[in-house]
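One structure is given below, encoded as structure tokens.
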Amino acid sequence: MKFHSLFIGIDRYYDLRINWLNGAVRDASALHALFADTIPGSSHVLLTDADATVHGIRCALETLVADAGPDDVVFIFY
């Protein structure tokens, strides 16, 4: 069994109608670090702000689907 995780944090949106946030990137980064430190040898991906585009998120999810086996655990934080 392998553990796969994807952490997405977006503070800055391109749409000016959406107010900027102050904690989403920090929270995603902190959880990513926690999982990476406590579950070594597993797949942990962090996408923040400019990297957390529709394309970036879709690619990360496609990779999760391709890499995860039937007995693996997948964790997604958004």
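Taking the Cα atoms only, what angle lies between the long axis of helix 24-38 and the longest principal axis of the chain, rounded to 10 degrees? Helix 24-38 sits roughly 20 degrees off the main axis of the chain. Going by a ≥ b ≥ c, the root eigenvalues of the Cα gyration tensor, does the stretch 26-70 fall in the rounded group (a/c under 1.5), the prolate group (a/b larger than b/c) or the oblate group? Oblate.
What FRET efficiency, computed as 1/(1 + (r/R0)^6) with R0 = 25 Å and r the Cβ-Cβ distance, is obtained for ASP67 and THR38, rounded to the nearest 0.05? Before the final figure, lay out the partial values.
Working: r = 20 Å, r/R0 = 0.80.
Step by step, r from the Cβ atoms, then E = 0.80.
Can you give the local net charge around VAL74? Use residues other than it whose beta-carbon is closer than 13 angstrom to its beta-carbon, Lys and Arg +1, Asp and Glu -1.
With Lys, Arg at +1 and Asp, Glu at -1, the net is -3.
Probe radius 1.4 Å, ligands and nucleic acids ignored: give me the carbon and sulfur share of the accessible area of the chain as a rounded percent. Mind dumping the intermediate values first?
Working: 3150 of 5300 Å².
For the chain, the apolar C and S fraction of the accessible surface comes to 60 percent.
Label positions at PHE3 and TYR78, each projected 7 Å from the Cα along the C-beta direction, are separated by 2.3 nm.
What does the helix-only formula give at 222 nm for the chain: each DSSP H stretch with n ≥ 4 adding -39500 (n - 2.57), the total divided by the residues, and the result rounded to the nearest 500 deg cm²/dmol? If you can, show how the numbers build up before the last one.
Numbers: 2 runs with 29 residues, N = 78.
So the helix-based figure for the chain works out to -12000 deg cm²/dmol.
Shape verdict for the chain, please, from the Cα gyration tensor: rounded (a/c under 1.5), prolate (a/b greater than b/c) or oblate. In terms of gyration-tensor shape, oblate.
The C-alpha atoms of the chain define a longest principal axis, and helix 54-67 lies at about 10 degrees to it. Highest average first, the peptides 14-22, 40-48 ordered by how many other beta carbon atoms sit within 10 Å of their residues are 40-48, 14-22. Accessible area of ARG12 (1.4 Å probe, protein heavy atoms only, ligands and nucleic acids ignored): about 100 Å².
The values are calculated or read from the model by the stated rules, or taken from the named source; none is laboratory data. Owing to the predicted nature of the structure, the values given are computational and were not obtained by experimental measurement. Glycine also receives a Cβ, built like all others from the backbone with ideal geometry; neighbour counts cover every protein chain displayed. Quick note on the areas: whole protein, heavy atoms, side chains included, nothing else; ligands and nucleic acids left out. Shrake-Rupley method; radii C 1.70, N 1.55, O 1.52, S 1.80 Å.
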